[in-house]
Every structure is written in C-alpha cells, then in structure tokens.
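Worksheet: the structure to be examined is printed underneath.
The values are calculated or read from the model by the stated rules, or taken from the named source; none is laboratory data. All values reported here derive from a predicted model rather than from experimental measurement. Every residue, glycine as well, gets a Cβ built from its backbone with ideal geometry; the counts of neighbours run over all protein chains shown. Accessible surface is based on the protein model in full, side chains and every heavy atom, while ligands, DNA and RNA are left aside. Shrake-Rupley method; radii C 1.70, N 1.55, O 1.52, S 1.80 Å.
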Amino acid sequence: YLNGIDAIARAEATSGSSAVKEHVCDFGSGCDGSHDHNPTPVPDNAVSMTLLRAVTGVMRNLCADDRRKNALAADGTLLALMRVMSRPECLQDVSFSDNAIACLAMITLRAPSNAVLICQNGVCEFVLKCMYYHMNKDRDPNAPVTTISHAPLLRQGCLLFRNIAARCPPERDELLANTNVENVLKQVGTQYKSCVDEAYGALRDFGIEI
C-alpha cells in the first residue's frame, strides 16, 4: 500500500493525472474488482499529508465513475480512507478534507449500500466534526493558518448527507436522533452563500422545515 502511494506521488510529479490513475489501479483493486487481495492498513504516522492529499485527489477523480467507485467501496480502499479521516491532522487539513468528503459524497450517489457502509462505520460523525471544526476554527487560537477556502468541503458534506437522507431512511433517522447534523446543516445554510442550495436541500431530505 505504501509503495503504491509513493508511486502515485512520483507519477503526479512527472506524468500527470492519467499516470496517477494507473498507479492507483495498480495498488488498489485495479478499479474493476479484478484483484482479490486486501490492502494493508496504513500505519498512523507513516504517510505525510502531501501524499494523503495526492491519494484522495486521485480517488476523487476515480469516484466519478460508478464502476470504479463501487470497486473502491468493495475492496477495502474506502474503509482505509475512513480510518485515515479520524486522524486529527487530517481533519484539520482543508485540502485533504475536501477531497475525502467529496469521495464519500460521490461514492454514496445513487449507491445506498455504500451509504449504509459509511454510516455503519461511524464516518458521518467524523464528517460532521470536520465541518463544524472548519466553520468555527476562527475561535481556536491553535488552528493551522490557511488561505484555502473551506466552503467547498462544506458543500461536499451537504451533498453526502443529502445522498444518505434521500436513499437510506433508517440511517437518516438515526443521524437525526444521535448527531448534530441538523445544526451543522443549518449553520452552513445561513453562513455560506455558496452552499445554500446544498444545505437546504439536505435539510429538506431529512424532513426538516426550513
């Protein structure tokens, strides 16, 4: 797995996106489920944020294809991503979080089984924590300084929760009962003009009056 990530970084630097995709397919499951091995989990401190951003950026492109995104969900790659998302340095990184949440949003689009997998592994709580953190980090004196806008990751989070709410009623009800999803979506909708449609669309799919 780590060798594959190194290959991605080298390919990104020298050959562009097409080569990056080839390397992801090599170290993942071939993007079509053709390999039957399970990737080795990434040690918590073994991968730099630069490489993680590269990996999630590639995954984001692959997830635009239904066949490939379902292969990533089936072969363990999605689970590896979900585990990495729990790391504090990943939660605080705007670029990584935007890519990772976008992957989740695309993987759950028209794919309720993938949405259930994400919910069952507690990833929604991490996404909500990430969204809340970036909306309120100005109050945290220890927060990393960045000039990158966090509005795109909030938009992707809204799309993720809309996908879940629209297609997975049990998971929708559980999120409403046990998380702060309603408050987070309302904060996005009232504070970020670029995310209004996505935030309020998600609230409507959760059955919340606006």
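Side notes on the structure shown:
- Candidates Ala115, Ala71 - the one that is touching a residue at least 24 places away in the same chain (Cβ under 8 Å), of a type in the set (A, V, I, L, M) and under 22 Å from Ala166 (Cα atoms): Ala115
- Count of region 153-168 residues which are out of contact with any Pro (no Cβ under 8 Å at 6 or more places or on another chain) and open to solvent by less than 60 Å² (accessible area, probe 1.4 Å): 11
- Residue pairs whose Cβ atoms lie under 9 Å apart, sitting 6 or more positions apart in sequence or on different chains, and linking a residue in region 193-210 that is polar (S, T, N, Q) to a partner that is in a loop (DSSP other than H, G, I, E, B), are Ser194/Ser149.
- Residues of region 176-210 that turn out to be among the β-branched types (Val, Ile, Thr) and in a helix (DSSP H, G or I), as a count: 5
- Considering (1) touching a His at 6+ places or on another chain (Cβ under 9 Å); (2) touching a residue at least 60 places away in the same chain (Cβ under 8 Å), the lone condition that Ala80 does not fulfil carries the number (1).
- Positions within region 61-89 being within 11 Å of the chain's Cα centre (by Cα) and surrounded by 21 or more Cβ atoms within 10 Å (Cβ to Cβ), in sequence order: Cys63, Leu78, Leu81, Met85
- Cβ-Cβ under 7 Å pairs, at least 6 apart or on other chains, region 51-68 side over 19 Å from Ser113 (Cα atoms), far side open to solvent by 60 Å² or more (accessible area, probe 1.4 Å): Ala54/Glu12; Val58/Lys21; Asn61/Ser17; Asn61/Lys21
- Pair list, Cβ < 7 Å and 6+ apart or interchain, from region 148-174 residues that are in contact (Cβ under 8 Å) with a residue 24 or more places away in the chain to residues that are polar (S, T, N, Q): Ile148/Ser95; Ala151/Ser194; Leu153/Ser97; Arg155/Ser194; Leu160/Thr108; Asn163/Thr108; Ile164/Thr108
- Residue tally, condition more than 22 Å from Met82 (Cα to Cα), hydroxyl-bearing (Ser, Thr, Tyr) and either touching a residue at least 40 places away in the same chain (Cβ under 8 Å) or in contact with a His (Cβ under 9 Å, 6 or more places away or on another chain) (or both), over region 175-192: 1
- Test: residue in region 185-208 that is open to solvent by less than 60 Å² (accessible area, probe 1.4 Å) and charged (D, E, K, R): yes
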